[in-house]
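K.L.:
What follows is a single structure, and I will ask about it in a moment.
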């Protein structure tokens, strides 16, 4: 007696559902990702060849426009008000990084005055923000 053999089907893994899941994960991460952008202050940073340093979580950013206007965290502020406001950081100034984002056409004297105000407030870490030189 001869038995008929069934034709053997090739084993296939259906990828349709896996592709759907990966696509949904991609959409989820694209939507939930937050991007850190600079404030709406028009500051053109000078370029430098140095490597990027890691950002510290505790920092105070001061923006200086080429017109000489000073911004502290989106607020327009005068130099004397800046000195008074920086005094409130006295207890944690030694561990906080003071970052100056000055326009490349800003006056050097104002940058030095801001640096002096930070030093008087007790800041020990000072950083001047630059952009990476695109030619290197």
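Since every read-out is calculated from the coordinates, none of them should be taken as a lab result. Treat the numbers as computed from the prediction; the structure is a model and nothing was measured. No Cβ is skipped: glycine too gets one built from the backbone with ideal geometry, and neighbour counts run over all protein chains shown.
K.L.:
Sort 89, 63 so the one with the fewest other Cβ atoms within 10 Å of its own Cβ comes first.
P.N.:
Ordered from fewest to most neighbouring Cβ atoms within 10 Å, 89, 63 come out as 89, 63.
K.L.:
If you average 1/r over every pair of different alpha-carbon atoms in region 65-136 and take one over that average, what Kirkwood value in Å do you get?
P.N.:
Details: mean 1/r = 0.0771 Å⁻¹.
Averaging 1/r across every pair of different Cα atoms and inverting gives 13.0 Å.
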